[in-house]
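Input: a single structure, listed below in structure tokens.
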Amino acid sequence: MPNLLQLEGPHRGVLRITLHRPEALNALNTALLGELAGVLADAGRDDAIRAVVLTGSRRAFAAGADINEMAERDLVGMLDDPRQRHWAAIARFSKPIVAAINGFTLGGGCELAMHADIRIAGEDAKFGQPEINLGIMPGAGGTQRLVRAVGQALATQMVLTGEPISARRALEAGLISEITQPELTVERATAIAERIAEKAPLAVRLAKEALHKALDTDLATGLRFERHAFTVLAGTADREEGIKAFQEKRRAQFTGR
Ligand code: CO8
């Protein structure tokens with residue numbers, strides 16, 4: 001049973017994962033990342049879980065990698081860093097993650113938020129990549145995913161100055177898709193995740209994969225992947241059910257087959 005995470009559910013197909021290291025503003029140490037990777041691996045195999053809500057506390061989604069732990073690793077230690085394995089496992093998770101974000105979302109915390117498929121933030125959330133202030137730079141996708149999310153100009157300013165941006169600015173820039181009052185963030189993210197959990201799981205999974213392709217391939221390759229995925233879904237029972245339910249004017253009952 002993990003102790004740096006709090007788990008709730010699944011309720012209505014949604015597992016809620018709360019980062020819980022309040023004494024360190026949810027700084028992502030190896031143990032926490034390992035627990036998260038493990039919980040997501042289990043969730044990936046559990047048919048009762050169709051989407052995940054990932055959240056932190058009101059004060060911090062996560063204030064970055066654990067700086068004290070990082071201080072103990074030299075160059076060779078970094079090469080062997082088990083955290084890289086955990087980050088890769090988080091990135092591989094095939095079901096949708098909706099992040100409910102409040103407070104400090106910095107460094108590895110901002111990078112973790114960018115591993116989510118949808119980001120909802122409270123109006124007092126702060127997003128930043130302050131690694132440069134420590135004499136280092138982002139190491140879990142902060143230079144790559146941030147450019148794709150907010151564009152070259154703002155990402156460069158954030159990474160090179162280390163200065164955070166507000167939730168409002170993050171919304172304008174496309175880093176998050178909605179702003180809520182801080183106390184409603186988890187509720188809103190859960191409602192979105194529940195909506196997704198009602199859909200056909202295979203369609204959701206392939207749509208997620210295709211959306212990811214839009215960020216890491218050229219257009220022709222992405223379109224080819226989309227076409228293949230679209231075709232594959234033609235062989236599923238859920239497609240048959242979805243179309244039949246539409247024609248019969250009733251709600252579809254998807255089974256994941
Ligand atoms: N690591 C460890 N402990 C932390 C961290 C952190 N990232 N952030 C906060 N804490 C601890 C503080 O040390 C403090 O502990 P204590 O009470 O024992 O002194 C406690 O949390 C509360 O923090 P503060 O007292 O500092 O709270 P404030 O409200 O005054 O300040 C801030 C909040 C502004 C968020 C401040 O804590 C801060 O600047 N934190 C560090 C932010 C940062 O630099 N993050 C980037 C870290 S580097 C990184 O993320 C690289 C990722 C690379 C991943 C590569 C993987 C392979």
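Numbers for the structure displayed
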quantity	calculated
So Phe104, is it farther than 21 Å from Leu215 by Cα, at pLDDT 95 or above and either in contact with a Lys or Arg (Cβ under 6 Å, 6 or more places away or on another chain) or in the same structural domain as Ala155 (by TED's automatic domain parsing) (or both)	yes
Qualifying residues in the stretch 68-117 (those that are buried (at least 17 other Cβ atoms within 10 Å of the Cβ) and charged (D, E, K, R)) - the one farthest from Val159 (Cα to Cα)	Lys95
Tally of residues being over 15 Å from the mean Cα position of the chain (by Cα) and within 12 Å of the ligand (Cβ to nearest atom) across the stretch 132-154	9
Matching residues, the stretch 155-190, being away from the ligand (no atom under 15 Å from the Cβ), among the hydrophobic types (A, V, I, L, M, F, W, C) and assigned to a helix (DSSP H, G or I)	Ala155, Ala167, Ala170, Leu171, Ala173, Leu184, Val186, Ala189
Candidate set from the stretch 50-82 (those that are of a type in the set (D, E, K, R) and in contact with a Gly (Cβ under 8 Å, 6 or more places away or on another chain)); member that is farthest from the ligand (Cβ to nearest atom)	Arg50
Unmet requirement for Met158, which otherwise passes all of (1) buried (at least 19 other Cβ atoms within 10 Å of the Cβ); (2) outside the structural domain of Pro130 (by TED's automatic domain parsing)	(2)
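The values are calculated or read from the model by the stated rules, or taken from the named source; none is laboratory data. Everything numeric here is computed off the predicted structure, so don't read it as measured data. Virtual Cβ from ideal backbone geometry, glycine too; neighbours counted across all protein chains shown.
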